[in-house]
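In what follows, a single structure is set out as structure tokens and then discussed.
The values are calculated or read from the model by the stated rules, or taken from the named source; none is laboratory data. From a predicted model like this one, the values you see are computed outputs, not experimental measurements. Here the Cβ positions follow ideal geometry from the backbone for every residue, glycine too, while neighbour counts run over all protein chains shown. In case anyone asks, the SASA skips ligands and DNA or RNA and just uses the protein heavy atoms, side chains included. Shrake-Rupley method; radii C 1.70, N 1.55, O 1.52, S 1.80 Å.
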Amino acid sequence: MIKAIIFDLDDTLYDFKAAHRAGADAWAAYAREQFQLPEEQTRREIEELIAEQAEKMGPIAASHNRVLRAELWLSKRNLPVFPHATALAERYWQSLLDAMVPQEGAVEMLRDLQMRGFLIGIGTNMTAYVQYKKIEKLGLGDMVDFIVTSEECGVDKPLRHFFKYSAKKANETLARAGRAERIEMNEILFVGDSVKHDLEGAHAAKMQALLFDPENAHPEEEERIQRFSELPEVLKRLSAEM
């Protein structure tokens with residue numbers, strides 16, 4: 001049976017794309033104020049930087065760091081890094097946090113899982129400080145038993161070490177609570193929005209996996225839900241099959 005459920009954070013428990021647009025708008029507005037650059041052009045450059053930073057740094061948390069992304073953008077434009085790199089990152093993150101709201105049904109779903117005794121984790125690619133701030137902003141902290149970031153474990157999803165580290169932390173959380181049972185990999189359900197990072201990564205590590213697909217972008221995937229209200233039925237079926 002499923003004993004622990006680990007959720008991706010970005011674009012799973014909240015709409016990252018919408019919040020990111022707010023952050024990118026704040027970055028572009030700063031570029032206009034400080035450097036008289038067109039906002040639409042800056043927005044395009046920000047999106048181009050995402051892939052460039054990931055390719056440059058590889059599957060590690062630093063590839064998501066907005067200070068480093070701002071430094072890269074400023075350097076490419078031959079603009080001064082100080083004090084603008086940190087100012088851009090702060091503007092971006094504050095605007096993103098201000099725009100965040102939980103996905104429909106997410107809070108109710110987590111409360112229900114908590115009441116039913118499931119161990120609840122968050123497994124996310126990103127630096128720890130920012131992800132903790134997001135969880136606080138969403139009001140989910142008292143429903144989460146543990147969190148694993150790629151900064152903590154050293155690699156991004158979908159690398160197998162991320163998922164093995166998550167299982168290890170789940171068992172350490174149980175031990176700290178004085179619970180003697182141990183959770184095996186196939187007793188953990190990983191829920192996330194990415195086929196590659198969440199679904200395939202978890203399956204490769206021998207976890208159960210479920211795709212959160214609210215926009216029906218992947219109808220070919222059998223193991224998916226479009227609303228969090230569907231999760232109890234999935235848990236019931238998985239428990240019957242195990």
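Only protein atoms count toward the accessible area here, which uses a 1.4 Å probe; on the chain, the carbon and sulfur part of that area reaches 51 percent. Peptide packing for 14-25, 162-173, 106-117 was compared via the average number of neighbouring C-beta atoms within 10 Å per residue; ordered from the highest value, the list is 162-173, 14-25, 106-117.
Spherically averaged projected area of the convex hull of Cα atoms, the chain: 13.3 nm². Computed from the alpha carbon atoms alone, the convex hull of the stretch 55-171 holds 114 Å³ per residue. A convex hull fitted to the Cα coordinates of the stretch 1-113 yields 119 cubic angstrom per residue.
Per residue, how much accessible area does the chain show when a 1.4 Å probe rolls over the protein heavy atoms, in square angstrom? Don't skip to the end; give the middle numbers.
Working: 11820 Å² over 242 residues.
Ligands and nucleic acids excluded, the result is 49 Å² per residue.
For the stretch 131-178 versus the stretch 17-55, the spacing of their alpha-carbon centroids is 29 Å. Taking one quarter of the surface of the convex hull spanned by the alpha-carbon atoms of the stretch 141-184 gives a direction-averaged projected area of 3.6 nm². Charge dipole (Cα centre; +1 on Lys/Arg Cβ, -1 on Asp/Glu Cβ; no other charges) of the chain amounts to roughly 740 debye.
When the chain is modelled as a GNM with alpha-carbon springs shorter than 10 Å, which of S229, S150, S194 fluctuates the most? Its mean-square fluctuation being the largest, the pick is S229. Stokes-Einstein, applied to the Kirkwood radius of the stretch 121-242 over Cα pairs at a viscosity of 1.567 mPa s and 4 °C, places its translational diffusion at 85 µm² s⁻¹.
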